[in-house]
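What follows is calculated from the coordinates using simple rules that are stated; it is not laboratory data. Quick caveat, the model's predicted, so the values are computed rather than measured. Virtual Cβ from ideal backbone geometry, glycine too; neighbours counted across all protein chains shown.
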Amino acid sequence: MEPIVGIDLGTTNSEIAYIIEGNAIVLEDNDNGIVPSCVGLDDQGTILVGEAARNQAVAAPERTVLSVKRRMGSDEKIRLGDADYLPQEISAFIVKSLKSRAEKILGRTVNRAVITVPAYFTDAQRQATREAGEIAGLEVARIINEPTAASLAYESEQKAPRRILVYDLGGGTFDVSIVRIEEGVVEVLASTGDNRLGGDDFDQKIVDLLAAHCRDQLGLKLSPETDPMVFARLKRAAETAKKTLSSAPYALIEEDHIGRKKFQDRHLSYELSRTDFEELILDEVDRTMESVNQALKDASLLPSAIDKIILVGGSTRIPMIPRRLEAKFGRAPHGEIDPDLCVALGAAIQGGREMGIDATGVLLDVTPYTFGTSALGEVNGQPCMTTFVPLIRRNTKLPAARTEAFCTLYDDQEAVDVKVFQGENPDALDNIQIGKYTFELSRQPEGSVVTLHFDLDVNGILKIEAVEKDTGKKLNAVIENALSRFSEDEMAASRERIQTLWGEKTAPEDGQTAVQANTLPPDVSEMLNRAESLLDDASVEDRDEMINLMEDIADAARAGDLEAARERMAELDDILFYIG
Ligand code: AMP
């Protein structure tokens, strides 16, 4: 049977996938299968595609083309070396490189492909994409929409009609689409977004912050025009820190010899917290949520009519994104299929169908349970010493790792009980406790940070590490069979046993107290969500006032000052009452 591969021809990255033994697989060539959508010429005039081209982008911008997808459908000439090329010709280099990769791995020629495009692409842009495939020597069996492909990756076997919201935040573009899928047939109901918004903007925000730090603390006046190499280093460091913050509460950015002042080398060392990063990108994330509202409006649907939310694009790994979507829709979005690869996998599933193979899907190792710890917080609006704080959520692809920060509750706290729970209930005591370790602290002031790291592998081995941030003091533990299933009876028995052991669900033992989670109590997030959903209906003045109050409430709640948060919530409630 002649193979039909699936290609995701992205703005930042591209991938090629194929059905092997009934499962869609992204084709890797000693890499992770992600090929930067970058084309260049080296100093000998040889064509470079992917990582090699991206690596020379700063040093040789005149010989490198980035983000050609933005120009597809135009007849703009792109200069590369001594010649001019059309956008589809530059894209054809990327397709050709993907085609060779597939031929090398599959050991046969590949002549046909399904290629994906954004749902908003015009006929001219689709035609240019088809031509890119043909110039590269591929017959384009089908052009399909990216949200369609993502839905196929998740729902190819679903028969009943489902409405799916696809939130796609990549490196340079943001798209949100609502699709309806029934018996594998997908219809796009609404699609909107911003093709100038993505992870690159987040990197830039960090770069700006670092440049300001270099100016204020190191006395270095840097500008992208005069110091392009330094800015390239800052950009790389910024992207690495951003990615670190997706699984850890802090990222240390260190760049030696970043500049010279008074005949001395200056070194950059800056710790960025996730909280500060989230503040930096708040406006951009708000804009994506406005587009989500717009898509719902365009499809004439309420949030409750959405059956599933799918995360696509590398930037959806930023924890704030699923958190905001969960707050809006009241259910966790799905990101278990690698968000960078999901579209290519869906294209391969469509390719499989074109070949007449129907029963195809994506093979996944995910955790069936959420793993977390307990901390001081609230459950159903009531203060609770045992609020469940999830670290690794159900349906996360394995292996998975995550670090969270907690604060001690009082000066000279002697110890903290690190408890590990498996389950989905907001009160940790209703979940299954699978580990408990006493971590002796070194008597620091109140609010000292203890980070807790969970690392869960495909074999169910859960490694736990608690670190006292200021001293580096550590506690390590391993739970060997964290994924073993509890039957309902075992679950009930275990719950009872744990509750008896605990006695009342009140204060922990002396000197070994819970730590405070950096999460919002449910009534606070509920109020913030309600206010957010009414922002569009508010007058300009009310809107400003609401935003200020919302920020104050979130800040106060995060700082643990629930009284101040509640006072401001009462003020916000008054405004909301009049808006509706
Ligand atoms: P895409 O265009 O879908 O390939 O997404 C690429 C973007 O995702 C880039 O801006 C990456 O920096 C970003 N990205 C990839 N992994 C992560 C991560 N773990 N956390 C935050 N952003 C990420």
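The value of relative contact order for segment 84-153, using C-alpha pairs under 8 Å at least six residues apart, is 40 percent.
Shape index of segment 371-479: Rg/Rh, with Rg the Cα radius of gyration and Rh the Kirkwood radius from the inverse mean 1/r over Cα pairs, equals 0.96. Mean residue ellipticity at 222 nm, helices only, the chain: -11000 deg cm²/dmol; runs of at least 4 DSSP H residues each add -39,500 (n - 2.57), and the sum is divided by the number of residues. Extension gain, residue 307 to residue 106: 0.36 nm times the residue separation minus the Cα-Cα distance gives 68.7 nm.
Place a point 7 Å from the Cα of residue 187 along the Cα-to-Cβ direction; which residues of segment 292-314 have their backbone N under 15 Å from it? Only 299-301 fall inside the zone, counting backbone N under 15 Å. Applying the criteria of a DSSP loop state and at most 11 other Cβ atoms within 10 Å to the trypsin sites (Lys or Arg not before Pro) of segment 109-214 yields 159, 196. Under the criterion of Cα pairs below 8 Å and six or more residues apart, the relative contact order for the chain equals 12 percent. Would you mind checking the tilt of helix 562-579 against the longest principal axis of the Cα atoms of the chain, expressed as 0 to 90 degrees and rounded to 10? Once rounded, the angle reads 60 degrees.
Computed over the chain, the range of Cα coordinates on each principal axis works out to 74, 69, 55 Å, biggest value leading.
Pairs of alpha carbons in segment 199-280 separated by more than 20 Å make up 27% of all such pairs.
With q set to 0.12 Å⁻¹, the log10 of I(q)/I(0) for segment 107-233, from the Debye formula over equal scatterers at the Cα positions, is -0.67.
The share of alpha-carbon pairs in segment 19-148 lying farther apart than 25 Å comes to 26%.
If you model segment 353-415 as an ellipsoid using its alpha carbon gyration tensor, with each semi-axis the square root of five times an eigenvalue, the axes come out at 41, 14, 7 Å, biggest first.
Each Lys or Arg adds one and each Asp or Glu subtracts one; over the other residues with Cβ under 13 Å from the Cβ of residue 350, this totals -2. Size estimate for segment 522-579 follows the Kirkwood approach: the inverse of mean 1/r over distinct Cα pairs works out to 11.1 Å. Between the C-alpha center of segment 11-31 and that of segment 301-376 there is a gap of 17 Å.
So what's the angle, to the nearest 10 degrees on a 0 to 90 scale, between helix 540-558 and the longest Cα principal axis of the chain? For helix 540-558, the angle is close to 60 degrees. Annotation for segment 397-431: chymotrypsin sites (Phe, Trp or Tyr not before Pro) lying in DSSP loop with at most 13 further Cβ atoms inside 10 Å of their Cβ are 410.
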